[in-house]
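Following: one structure in structure tokens, then a few remarks.
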Amino acid sequence: GMEAHAGPTPMALRRDALQVATHLMQEVVASALRHGPHGRGTVGMVQVHPNSRNVIPGQVKFSIDLRNSTDALVDQQVAEVRALAARLSTETGMAIGIEQVSSYAAQPFDAGCVQAVQGAAEQLGLSHMPVVSGAGHDAIYAGQLAPAGMIFIPCKDGISHNEIEDAKPAHITAGCNVLLHAMLERAGVVAA
């Protein structure tokens, strides 16, 4: 974009980088919604330059975090965001650059570990369902070296990875018991 004073610059002559960036930010979320149920799209960091209340922004830098259950779905989301960036750049004459900072392949968990968790929950009479985690966990890296899986328990309002995460002691106990029984099954030990 181009920095200019907010008062004297007519709307038709403005090259407002923030207004263009907001279209792209909205596409991040829209693309995730189109590729549900596991699509995720987040803009978590925004830097506006010069960041002055009476100056039209000339540059905006922001983060884009796209996630989904498969690499192919993430690739589709990336392509959609890039396509809009190219279109916006053509329409506005503003340079838009997207730099990939990091990329992590989807890590499916070991079928045997997943089955052991499911079997343990069934043995204990607990409700269960398969879950796709969009968060980066140590289990992702462990899963690249050895069989791995995860157990999730309910948290108040579905909030996790946050200071206000709140799980009931009964749910924590149930999760620990599922882990115990799954480990015993994987070790070939019969649980009593």
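The values are calculated or read from the model by the stated rules, or taken from the named source; none is laboratory data. Small disclaimer: the values here were computed from a predicted structure and weren't measured. As a convention, Cβ positions derive from the backbone with ideal geometry for all residues, glycine included, and neighbour counts pool all protein chains shown.
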Scan of the stretch 16-38 for residues that are in contact with a Ser or Thr (Cβ under 7 Å, 6 or more places away or on another chain) and part of a loop (DSSP other than H, G, I, E, B), ordered by number: H38
Report the residue count in the stretch 150-161 for those that are of a type in the set (V, I, T) and not in a loop (DSSP other than H, G, I, E, B). 0
The one condition in (1) surrounded by fewer than 16 Cβ atoms within 10 Å (Cβ to Cβ); (2) modelled with pLDDT of 90 or more; (3) of a type outside the set (S, T, N, Q); (4) not in a loop (DSSP other than H, G, I, E, B) that Y141 fails to fulfil: (2)
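Listed residues P147, P130; which is in a loop (DSSP other than H, G, I, E, B) and exposed (fewer than 14 other Cβ atoms within 10 Å of the Cβ)? Can you show your working first?
Working: P147 fails: exposed (fewer than 14 other Cβ atoms within 10 Å of the Cβ).
Unique residue meeting the criteria: P130.
Does G112 satisfy the condition of being at pLDDT 95 or above, under 30 Å from M183 (Cα atoms) and surrounded by fewer than 14 Cβ atoms within 10 Å (Cβ to Cβ)?
Values: at pLDDT 95 or above: yes; under 30 Å from M183 (Cα atoms): yes; surrounded by fewer than 14 Cβ atoms within 10 Å (Cβ to Cβ): yes.
For G112, the condition - at pLDDT 95 or above, under 30 Å from M183 (Cα atoms) and surrounded by fewer than 14 Cβ atoms within 10 Å (Cβ to Cβ) - is met.
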Could you list all residues from the stretch 86-109 that are among the hydrophobic types (A, V, I, L, M, F, W, C), loosely packed, with under 14 Cβ neighbours inside 10 Å and modelled with pLDDT of 95 or more? A86, A95, I98, V101
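I'd like the full set of residues that are among the β-branched types (V, I, T) and part of a loop (DSSP other than H, G, I, E, B), limited to the stretch 94-125. Before the answer, list the steps.
Just the residues of the stretch 94-125 that are among the β-branched types (V, I, T), to begin with: 96, 98, 101, 114, 117.
Passing the criteria: I96, I98, V101.
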Residue pairs within 6 Å by beta carbon, gap of at least six or interchain, first lying in the stretch 63-85 and surrounded by 13 or more Cβ atoms within 10 Å (Cβ to Cβ) and among the polar types (S, T, N, Q), second assigned to a helix (DSSP H, G or I) and at pLDDT below 95, listed first then second, are none
Being among the β-branched types (V, I, T), not in a loop (DSSP other than H, G, I, E, B) and not assigned by TED's automatic domain parsing to the domain that holds G39: is that true of I164 here? no
Consider the stretch 150-192. How many of its residues are surrounded by 12 or more Cβ atoms within 10 Å (Cβ to Cβ) and either in contact with a Phe, Trp or Tyr (Cβ under 7 Å, 6 or more places away or on another chain) or among the small types (G, A, S) (or both)? 7
Contact list please: Cβ distance under 7 Å, first residue in the stretch 28-54 and closer than 12 Å to D65 by Cα and in contact (Cβ under 8 Å) with a residue 12 or more places away in the chain, second residue surrounded by fewer than 15 Cβ atoms within 10 Å (Cβ to Cβ) and of a type in the set (S, T, N, Q), pairs at least six apart or on different chains. V43/S63; G44/S63; M45/S63
